[in-house]
Amino acid sequence: MEGPIEIIKTEVLSDNWYVLRKITYRYRDAGGQWVTRNREVYDRGNGAVILLYNKSARKVILTRQFRLPSFVNGNESGMLIEACAGLLDRDNAEDAIRRETEEETGYKIGTVEKVYEAYMSPGSVTEILYFFIAEYIPSMKVHEGGGLEHEQEDIEVLELPFDEALKMIRTGEIKDGKTIMLLQELRLRGLM
């Protein structure tokens, strides 16, 4: 018995930064008929994202950095305000997000809570993103953050009032989906 999907051919179109493949496959449609399709699939590995929050101060830690794809798609400055995030790089999600948090924000965090995991753009990107939240206090700041030069990161660390961050979603100053999801998660849970 054949499975519901059969990969017929895989071609690597680019492996310059990550891997872009063209995949030809067959699958059974809703009527039970076999159909053949081609799709391009971008594999950049899995990632993790975290929103740091200080409940007593009602503040969150976000980052601002240049994102070329947003610039190409109409963001005049190319700058995006985001929650701290990064690729897993063969680590488990929790270890990876602790590493990224310290590299990007300068905070060495203790307990992290996994909120959920999600495909962010499943029509073309393979990535699963693991979402976390964690409380922070000022004494957890061990350096200025800003990312790693050898990873070509130039990151500004922002500490914002939670209510201001929510307003920035409505004004369009925050347009990053993962960040919006985590800010709303804090709000839904009544943590802020």
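Let's see how each residue does on (1) in contact with a strand residue (DSSP E or B) (Cβ under 8 Å, 6 or more places away or on another chain); (2) closer than 15 Å to Arg64 by Cβ:
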position	(1), (2)
Gly110	yes, no
Tyr119	yes, no
Ile137	yes, no
Lys141	yes, no
Gly146	yes, yes
Leu160	yes, yes
Gln184	no, no
Leu188	no, no
Met192	yes, no
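Conditions: (1) touching a residue at least 40 places away in the same chain (Cβ under 8 Å); (2) within 24 Å of Tyr136 (Cα to Cα); (3) β-branched (Val, Ile, Thr). Val41 meets all but one. Number of the miss?
Every listed condition holds for Val41 apart from (2).
Please return the ranges of strands (runs of 3 or more DSSP E) entirely within the stretch 1-101 where 3 or more residues are modelled with pLDDT of 95 or more and either touching a strand residue (DSSP E or B) at 6+ places or on another chain (Cβ under 8 Å) or not basic (Lys, Arg) (or both).
Correct list: 5-14, 19-28, 34-43, 47-54, 59-66, 79-82.
Restricting to the stretch 86-106, what's the tally of residues that are open to solvent by 20 Å² or more (accessible area, probe 1.4 Å) and under 23 Å from Leu166 (Cβ atoms)?
So the answer is 0.
Under 7 Å between Cβ atoms, which residue pairs at least 6 apart in sequence (or on different chains) link something in the stretch 16-29 that is within 14 Å of Gly3 (Cβ to Cβ) and among the basic types (Lys, Arg) with a partner that is assigned to a strand (DSSP E or B) and open to solvent by less than 60 Å² (accessible area, probe 1.4 Å)?
Sorted first by the residue in the stretch 16-29, then by its partner, the pairs are Arg26/Val35.
For the stretch 145-192, which residues satisfy the criterion of being under 26 Å from Lys114 (Cβ atoms), part of a loop (DSSP other than H, G, I, E, B), at pLDDT below 95 and of a type outside the set (Gly, Ala, Ser)?
Across the stretch 145-192, the qualifying residues are Leu148, Glu153, Ile155, Leu191, Met192.
Select from the stretch 107-123 the residues that are among the small types (Gly, Ala, Ser) and assigned to a loop (DSSP other than H, G, I, E, B) and write down the one among them that is least open to solvent (accessible area, probe 1.4 Å).
Taking the candidates together, the pick is Gly110.
Filter the stretch 19-41 for residues that are open to solvent by 60 Å² or more (accessible area, probe 1.4 Å) and not basic (Lys, Arg); which is nearest to Ser124 (Cα to Cα)?
So the residue we want is Glu40.
Is the stretch 131-142 home to any residue that is farther than 30 Å from Asn38 by Cβ, open to solvent by less than 40 Å² (accessible area, probe 1.4 Å) and assigned to a loop (DSSP other than H, G, I, E, B)?
Yes; the residues of the stretch 131-142 include at least one that is farther than 30 Å from Asn38 by Cβ, open to solvent by less than 40 Å² (accessible area, probe 1.4 Å) and assigned to a loop (DSSP other than H, G, I, E, B).
The values are calculated or read from the model by the stated rules, or taken from the named source; none is laboratory data. Here the structure is a predicted model, which means the values were calculated and not measured. Ideal geometry is used to build each Cβ from the backbone, glycine not excepted, and the neighbour counts take in all protein chains shown. For accessibility, only protein heavy atoms count, side chains too; no ligands or nucleic acids. Shrake-Rupley method; radii C 1.70, N 1.55, O 1.52, S 1.80 Å.
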